[in-house]
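The values are calculated or read from the model by the stated rules, or taken from the named source; none is laboratory data. Predicted model only: the values in this text are computed from it and were never measured. Counting neighbours? That spans all protein chains shown, and the Cβs are built from the backbone with ideal geometry, glycine included.
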Amino acid sequence: MPSDRALGWAAAFAVTAVAAILRFWRLTEPKGIYFDEVYYTKDAWGLMTAGYEVDSATCTRAAFVVHPPLGKWFIAASEKLFGYVDCAGVAHGNPELGWRFASAFFGTLAVLVLTRLARRVFRSTLLGCFAGLLLALDGLEFVQSRIGILDIFLMTGLVLALACLVLDRDDGRARLAERLPAAEAPGTEAPGTEAPGTEARYGPRLGWRPWRIAAGVCLGASMGVKWSALYTLVGLAALALAWDIGARRTAGARAPVRGALRRDLPAWLGCYVLLPIGTFLSTWTGWFVTDGGYRRHEYGDGFVAAWRGWWSYQEAILEFHEHLSAGHVAQSTPLSWLVMGRPVAYAWDGPEFGEQGCRAAEGCAREVLALGNPAVWWVGTAALVAMLALWASRRDWRAALVLVGFGASFLPWLAFPNRTMFFFYALPLLPFMILGITACAGLLLGPRTASDARRLTGAVVVGSYLVAVILLFAYYYPILAAEVIPLDAWRDRMWFPGWVVA
């Protein structure tokens, strides 16, 4: 790890401060509810007042909702602190700040965690800050951090889980290294525990692994926001087991696969299967401890009846998602996400001259467009190819991390070609793409032992790229943050017909 610990934290907080200023500045614009805030703000109010989502038409009857409650609990906590609109339509406090503050907080937190994660993965404070800036200056992450819907909570939960996974990898290898001398010394086995030679065959036990537990909790919590986190859970869990096998092979275990299955698999099952399930179930506590939730008493009263009602509810949610195929003007296919073929217009207004500060004779545009930073998404897609080549040539664990995490979060969507999908579903892919870009930046910069000319050339290329990211974010900022701009300026930013979402 880099030795500049204090500087590393200071730099990470500086990057996070940039992200926070961008996300919290004018957070309450546009005023009122827009896009899917119409659902989640009301669901959050129901959780805050009743412990379960209520039908906004009746204000009392339970509502059928198709996502788990944890993300809406975050919005509810934010509304409790800053303001909300009740079921009768009466505003309390500052409603827009109430239902958007949690999103801005989690979007900013993701920047801090990814900065520190990249620093650890690439052993470089510079590359850590580089990755954090890419996330801070991406348009899609920025927009999702300023709207009261669920996807930013999902992405941040997965980034936290990823950070815990990497910390567990480093911690597990450090423990393995510490225990190798004892494991290799003859006659050091505890009496009555294992046959002589077992340690040499399988490698030593690693004991308590708190970061693995934390990863399981974060993955279960992510599932408590949206079911789609299950895909990433499967990929990261498989990667963790593969890393255990690789660590034991590197340490000299004669049977590394059996060693990982014997030493690590029981705790792995607990942390990546049982613990996520338990965490996911705990996010439904409000539904279980109250009496009015959807299908809460479908099978009567009592413990068993409650579980049957909950399971029936999950089946209804699954059926909804399986048959979600209604057409939408902003829908897109997963492959188009990689090139931002069809962003989503969350809000649009066309003020005339003299309205909302418009000074253009032909009129103005005011939009919130869920559009990524082209320099991040397009280069990130190319970086995936580079990561595939890096893994194939060097078996680089960082390339495997990018490929497995991205693949687990992306490939399952290809299995549902008829489902209605949107570009913002791709938000969980972004951290893995940024890590891929950061790996490429590290290759361009070269090792510390590289020549000055090589380092200078790499620094110019990487620095120029970062400048392009900053300039593109600034260029698209008006249509990400609902600023009023002349209609001609808006048209200039619509590079492709698919970006005009009517």
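Find the residue count for the stretch 243-274, including only residues that are of a type in the set (A, V, I, L, M, F, W, C) and either surrounded by fewer than 21 Cβ atoms within 10 Å (Cβ to Cβ) or in contact with a Ser or Thr (Cβ under 9 Å, 6 or more places away or on another chain) (or both). Walk me through it before giving the result.
Residues of the stretch 243-274 that are of a type in the set (A, V, I, L, M, F, W, C), as a first pass: 243, 245, 247, 251, 253, 255, 257, 260-261, 265, 267-269, 271, 273-274.
Add one more test, that the residue is either surrounded by fewer than 21 Cβ atoms within 10 Å (Cβ to Cβ) or in contact with a Ser or Thr (Cβ under 9 Å, 6 or more places away or on another chain) (or both), and what stays is 245, 251, 255, 257, 261, 265, 267-269, 273-274.
Summing the residues that are of a type in the set (A, V, I, L, M, F, W, C) and either surrounded by fewer than 21 Cβ atoms within 10 Å (Cβ to Cβ) or in contact with a Ser or Thr (Cβ under 9 Å, 6 or more places away or on another chain) (or both) in the stretch 243-274 gives 11.
Could you please let me know if Trp378 is in contact with a Lys or Arg (Cβ under 9 Å, 6 or more places away or on another chain), in contact (Cβ under 8 Å) with a residue 12 or more places away in the chain and not assigned by TED's automatic domain parsing to the domain that holds Gly235? Lay out the reasoning, then the answer.
On the way: in contact with a Lys or Arg (Cβ under 9 Å, 6 or more places away or on another chain): no; in contact (Cβ under 8 Å) with a residue 12 or more places away in the chain: yes; not assigned by TED's automatic domain parsing to the domain that holds Gly235: yes.
Criteria not met by Trp378.
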From the list Leu466, Leu411, Leu471, pick out the single residue that is modelled with pLDDT of 95 or more and more than 28 Å from Arg493 (Cβ to Cβ).
Leu411
Of the criteria (1) out of contact with any Ser or Thr (no Cβ under 8 Å at 6 or more places or on another chain); (2) part of a loop (DSSP other than H, G, I, E, B); (3) at pLDDT below 85, which one Glu189 fails:
(1)
So, in the stretch 439-490, how many residues would count as being closer than 25 Å to Arg394 by Cβ, among the polar types (S, T, N, Q) and part of a helix (DSSP H, G or I)?
1
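Quick test for you: out of Leu158, Leu97, Leu126, pick the one residue that is among the aliphatic types (A, V, I, L, M), touching a helix residue (DSSP H, G or I) at 6+ places or on another chain (Cβ under 6 Å), modelled with pLDDT of 95 or more and within 22 Å of Pro431 (Cβ to Cβ). Steps first, answer last, please.
Numbers: Leu97 fails: within 22 Å of Pro431 (Cβ to Cβ); Leu126 fails: touching a helix residue (DSSP H, G or I) at 6+ places or on another chain (Cβ under 6 Å).
Testing whether each residue is among the aliphatic types (A, V, I, L, M), touching a helix residue (DSSP H, G or I) at 6+ places or on another chain (Cβ under 6 Å), modelled with pLDDT of 95 or more and within 22 Å of Pro431 (Cβ to Cβ) leaves just Leu158.
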Scan the stretch 392-426 residue by residue and report those that are more than 23 Å from Leu140 (Cβ to Cβ) and not in a helix (DSSP H, G or I).
Arg395, Asp396, Asn418
State all residues of the stretch 312-357 that are in contact with a Gly (Cβ under 9 Å, 6 or more places away or on another chain) and in a loop (DSSP other than H, G, I, E, B); if no residue qualifies, say none.
Ser332, Thr333, Leu338, Met340, Gly341, Arg342, Pro343, Gly350, Pro351, Glu352, Phe353, Glu355
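When you check His321 against the structure, is it modelled with pLDDT of 90 or more and within 20 Å of Ser228 (Cα to Cα), yes or no? First the steps, then the outcome.
Details: modelled with pLDDT of 90 or more: yes; within 20 Å of Ser228 (Cα to Cα): yes.
Yes, satisfied.
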Looking at the stretch 38-48 only, could you name the residues that are within 11 Å of Ile149 (Cβ to Cβ) and buried (at least 19 other Cβ atoms within 10 Å of the Cβ)?
Tyr39, Tyr40, Thr41, Asp43, Ala44
In the stretch 1-30, which residues are within 30 Å of Val344 (Cα to Cα), assigned to a loop (DSSP other than H, G, I, E, B) and in contact with a helix residue (DSSP H, G or I) (Cβ under 6 Å, 6 or more places away or on another chain)?
Leu27, Thr28
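Per-residue answers, yes or no, for (1) among the hydroxyl-bearing types (Ser, Thr, Tyr); (2) within 20 Å of Ile317 (Cβ to Cβ); (3) surrounded by 19 or more Cβ atoms within 10 Å (Cβ to Cβ):
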| position | (1), (2), (3) |
| --- | --- |
| Ala50 | no, yes, no |
| Val54 | no, yes, yes |
| Cys59 | no, no, no |
| His67 | no, yes, yes |
| Ala76 | no, yes, yes |
| Glu79 | no, no, yes |
| Phe82 | no, no, yes |
| Ala91 | no, no, no |
Which listed residue, of Gly259, Gly252, Gly293, Gly278, is farther than 19 Å from Val217 by Cβ and at pLDDT 90 or above:
Gly293
Please enumerate the residues belonging to the stretch 314-333 that are free of Cβ contacts under 8 Å to residues at least 60 places away in the same chain and either surrounded by 13 or more Cβ atoms within 10 Å (Cβ to Cβ) or not acidic (Asp, Glu) (or both).
Gln314, Leu318, His323
Scan the stretch 447-498 for residues that are under 30 Å from Gln356 (Cβ atoms), among the charged types (D, E, K, R) and either touching a Cys at 6+ places or on another chain (Cβ under 6 Å) or surrounded by fewer than 16 Cβ atoms within 10 Å (Cβ to Cβ) (or both) and jot them down.
Asp488, Arg491, Asp492
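Given the stretch 219-297, what helices (runs of 4 or more DSSP H) lie entirely inside it while holding 1 or more residues that are more than 26 Å from Glu178 (Cβ to Cβ) and within 18 Å of the chain's Cα centre (by Cα)?
Numbers: elements: 229-250, 256-263, 265-269, 275-282, 285-289.
In the stretch 219-297, 229-250, 275-282 are the helices (runs of 4 or more DSSP H) which contain 1 or more residues that are more than 26 Å from Glu178 (Cβ to Cβ) and within 18 Å of the chain's Cα centre (by Cα).
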Tally, over the stretch 334-367, of residues that are more than 21 Å from the chain's Cα centre (by Cα) and surrounded by 23 or more Cβ atoms within 10 Å (Cβ to Cβ)
4
Cβ-Cβ under 7 Å pairs, at least 6 apart or on other chains, the stretch 33-56 side farther than 15 Å from Pro69 by Cβ, far side part of a helix (DSSP H, G or I) and not hydroxyl-bearing (Ser, Thr, Tyr)
Glu37/Trp99; Ser56/Lys42
